[in-house]
1. Could you tell me how many degrees, from 0 to 90 and to the nearest 10, lie between the Cα long axis of helix 160-174 and the main elongation axis, the longest principal axis, of the Cα atoms of the chain?
2. Report, in debye and to the nearest 20, how large the dipole of segment 6-157 comes out about its Cα centre when Lys and Arg carry +1 and Asp and Glu carry -1 on their Cβ.
3. On average, how much accessible surface per residue is there in the chain, in Å², for a 1.4 Å probe, leaving out ligands, DNA and RNA?
4. Taking every alpha carbon pair in segment 1-145, what does the distance histogram look like in 10 angstrom bins from 0, in percent?
5. Below 8 Å, C-alpha to C-alpha, sequence gap of six or more: please give me the relative contact order for the chain in percent.
6. What net charge do the residues around MET30 carry, taking every other residue with its C-beta under 15 Å from that of MET30, with Lys and Arg at +1 and Asp and Glu at -1?
7. Compute the helix-to-body angle for 243-258: its Cα long axis versus the longest principal axis of the chain, expressed 0 to 90° and rounded to tens.
8. Along the positive direction of the dipole of the chain (beta-carbon charges: Lys, Arg +1; Asp, Glu -1; about the Cα centre), which of ALA157, ALA325, SER2 reaches farthest?
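The values are calculated or read from the model by the stated rules, or taken from the named source; none is laboratory data. From a predicted model like this one, the values you see are computed outputs, not experimental measurements. Every residue, glycine among them, receives a Cβ derived from its backbone with ideal geometry; neighbour counts consider all protein chains shown. Note: areas computed on protein heavy atoms with side chains; ligands, DNA, RNA excluded. Shrake-Rupley method; radii C 1.70, N 1.55, O 1.52, S 1.80 Å.
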Amino acid sequence: MSKKPVRVAVTGAAGQIGYAILFRIAAGEMLGKDQPVILQLLEIPDEKAQKALKGVMMELQDCAFPLLAGMEAYADPVAAFKDTDYALLVGARPRGPGMERADLLAANAQIFTAQGKALDKSASRNVKVLVVGNPANTNAYIAMKSAPSLPRENFTAMLRLDHNRAASQIAAKTGVAVGDIEKLTVWGNHSPSMYADYRFATAGGKSIKDMINDQEWNANTFLPTVGKRGAAIIEARGLSSAASAANAAIDHMRDWALGSNGKWVTMGIPSNGDYGIPKDIMFGFPVVTSNGKYEVVKGLDIDAFSQERINKTLKELQEEQAGVAHLL
Ligand SMILES: NC(=O)c1ccc[n+]([C@@H]2O[C@H](COP(=O)([O-])OP(=O)(O)OC[C@H]3O[C@@H](n4cnc5c(N)ncnc54)[C@H](O)[C@@H]3O)[C@@H](O)[C@H]2O)c1
Ligand SMILES: O=C(O)C[C@H](O)C(=O)O
C-alpha cells in the first residue's frame with residue numbers, strides 16, 4: 001500500500017535555491033522514493049515573483065513525478081504552512097557582493113518573526129523546520145522564539161553546507177574518498193566564524209588528523225577556505241551558492257527524517273547547554289539522527305584551540321541575538 005502524502009512547505013520557492021531543490025524533493029531524494037509529497041510553495045505577494053513561481057510549477061508538472069501528489073502556490077505564510085510536516089525556510093534577502101551578513105539581520109528578522117508566528121498558528125505540531133535563509137542560525141532562533149506553542153527542538157538551521165564543504169576539502173587534501181569520511185563536525189554559526197573540526201574524523205577507520213598532521217594548514221588554509229567559501233562562490237558566480245545549498249538542505253532533512261545510520265552529521269540546533277553553549281543558542285553541533293530525532297554527540301574533548309574557535313563563533317551568535325532581542 002502506498003504511503004500517505006506528507007506536506008512540504010518551501011519559502012522563496014521561485015528563487016535560485018527553490019529552483020535547485022523542488023525537483024529533487026518531488027523526485028523523492030529528500031524523504032524517500034516511496035514517500036509522496038504535497039508541495040506548499042510560498043513567495044512574496046509580488047506579481048513578478050508569483051508569476052515566476054507559476055512557471056516553476058509548470059515545470060514541476062511537466063516532470064510528471066510519480067511522488068508529487070499535489071502542489072499549491074501561496075503568498076500568505078499562514079496558508080502556506082497549513083498542516084505542513086516539513087518547512088524549508090529559504091526565502092530571504094541573499095547577500096550580494098561586498099555585503100556583510102550583519103547587514104541582513106534587520107531585514108530578515110521581520111520575515112522570520114512573521115513566519116515563526118505563521119508556523120505556530122497553522123503547521124503540524126510535529127513540523128520539522130530547516131532555516132536556510134541567512135543569517136540562518138539567528139533567523140532560526142527568531143522563528144523558534146516566535147512559535148512558542150511548537151517544540152523548540154523542531155527548529156534547526158543549516159550548517160550542512162559547511163560540513164559538506166569541509167569534507168570535500170579534507171578529501172582533496174588527503175586523497176581519501178569523500179564518502180568515507182566520518183565523525184566530522186562544524187561548530188557554531190553558518191558564517192566565516194564557524195569551526196570545522198576534523199580532530200575526531202576518520203576514513204576507513206584511520207584518523208584524518210593523523211593523516212593531515214599539519215596544524216598550520218588547519219588554522220591558515222582549511223578553516224579560512226571553508227569559512228569563506230560562500231563569499232568565494234558569490235565572487236565567482238555573482239550569485240550565492242544555490243545547487244550546493246539545495247543539496248545540503250536535502251541532506252539535512254533526509255538525515256533528520258530518515259536517520260543517519262549511526263553517522264555524525266552537523267545540524268544547527270537550539271542548544272540544551274551541551275559544551276557550555278547557553279540554552280537556545282542556535283548552534284552547529286555534531287548529532288546522530290534516528291526515528292525523526294537528533295541527539296548531540298556528547299563527551300568530546302575540547303582542546304584550547306577548539307575552545308577558542310568555539311568561543312569566537314558563540315560570541316558572534318550572541319551578538320546577532322542581542323541585535324534582534326528588541327524584536328522578540
Ligand atoms: N545556510 C546556508 O548554507 C545558505 C547557503 C546558500 C544560501 N543561503 C541563503 O538562502 C537564501 C536564499 O537564497 P537564494 O539564492 O535562493 O535567493 P534568491 O534571491 O534567488 O531567492 C530568494 C527568494 O525568496 C523570496 N522571498 C523573499 N522574502 C520572502 C518571504 N518573506 N517569503 C517568501 N519568499 C520570500 C524572494 O522573492 C526570492 O524569490 C539567502 O538568504 C541566502 O543567503 C544560505
Ligand atoms: O554567504 C552567503 O551569503 C551564501 C551562503 O551562506 C553560502 O555559504 O554559500
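1. 40 degrees
2. Values: 16 positive and 15 negative charges, 65 e Å.
So the dipole magnitude of segment 6-157 works out to roughly 320 debye.
3. Values: 14310 Å² over 328 residues.
Per residue, the chain has an accessible area of 44 Å².
4. 12, 42, 34, 10, 1, 0
5. Numbers: 660 pairs, mean separation 54.9, N = 328.
Taking the mean separation of contacting Cα pairs over the length of the chain, I get 17 percent.
6. Numbers: positive: LYS3, ARG7, ARG24, LYS33, LYS128, ARG160, ARG254; negative: GLU29, ASP34, ASP85, ASP251, ASP255.
That works out to +2.
7. 90 degrees
8. Farthest towards the positive end: SER2.
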